[in-house]
1. Could we say that R19 is modelled with pLDDT of 95 or more, outside any strand (DSSP E or B) and of a type in the set (D, E, K, R) here?
2. Which residues, counting only those in the stretch 23-42, are in contact (Cβ under 8 Å) with a residue 40 or more places away in the chain, among the aliphatic types (A, V, I, L, M) and surrounded by 16 or more Cβ atoms within 10 Å (Cβ to Cβ)?
3. Please determine, by comparing only the residues of the stretch 43-78 that are of a type in the set (D, E, K, R) and part of a strand (DSSP E or B), which one is surrounded by the most Cβ atoms within 10 Å (Cβ to Cβ).
Amino acid sequence: MALAAITIAGCALGYTRVRDIMAAPDGFVGKEVRLQGTVGKAIDPPLPQAYMLRDASGEIMVMTKGELPAQDSEVALRGIVRSVVSRGARWSLDMRVEETQRLR
């Protein structure tokens, strides 16, 4: 039982949780992070090559210059955290990651 817990916890070592980025964006903007999670839906144009990535803690948009991964596939990546100010019903700060390397 203890070995299983160590193995499960070890899978996420070295990866940033989406929740941590969203909770303290100033500490991450412009910095490289490693993320892993499940690919959600692709983002429709006008955003080129973007998809949602979710882990157990939340969801974040990932911009890529590479091929879009299949929906529901598991990926790991390195990327730079960026913030974007958007205006809908009100102004908001949206976070995204620009993928620099797909690790798996």
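1. Numbers: modelled with pLDDT of 95 or more: yes; outside any strand (DSSP E or B): yes; of a type in the set (D, E, K, R): yes.
Against the criterion (modelled with pLDDT of 95 or more, outside any strand (DSSP E or B) and of a type in the set (D, E, K, R)), R19 qualifies.
2. Filtering the stretch 23-42 for residues in contact (Cβ under 8 Å) with a residue 40 or more places away in the chain gives 25, 28-36.
With the extra rule that they be among the aliphatic types (A, V, I, L, M), the set shrinks to 29, 33, 35.
Selection gives V33, L35.
3. Quick first cut of the stretch 43-78, residues of a type in the set (D, E, K, R) only: 44, 54-55, 59, 65, 67, 72, 74, 78.
Retained after the next criterion (residues that are part of a strand (DSSP E or B)): 54-55, 59, 74, 78.
Values: R54: 13, D55: 17, E59: 14, E74: 11, R78: 14.
The extreme case among them is D55.
The values are calculated or read from the model by the stated rules, or taken from the named source; none is laboratory data. This one's a predicted model, so the numbers in the text were calculated from it and none came from an experiment. In this analysis, Cβ positions are derived from the backbone assuming ideal geometry, glycine residues included, and neighbour counts consider all displayed protein chains.
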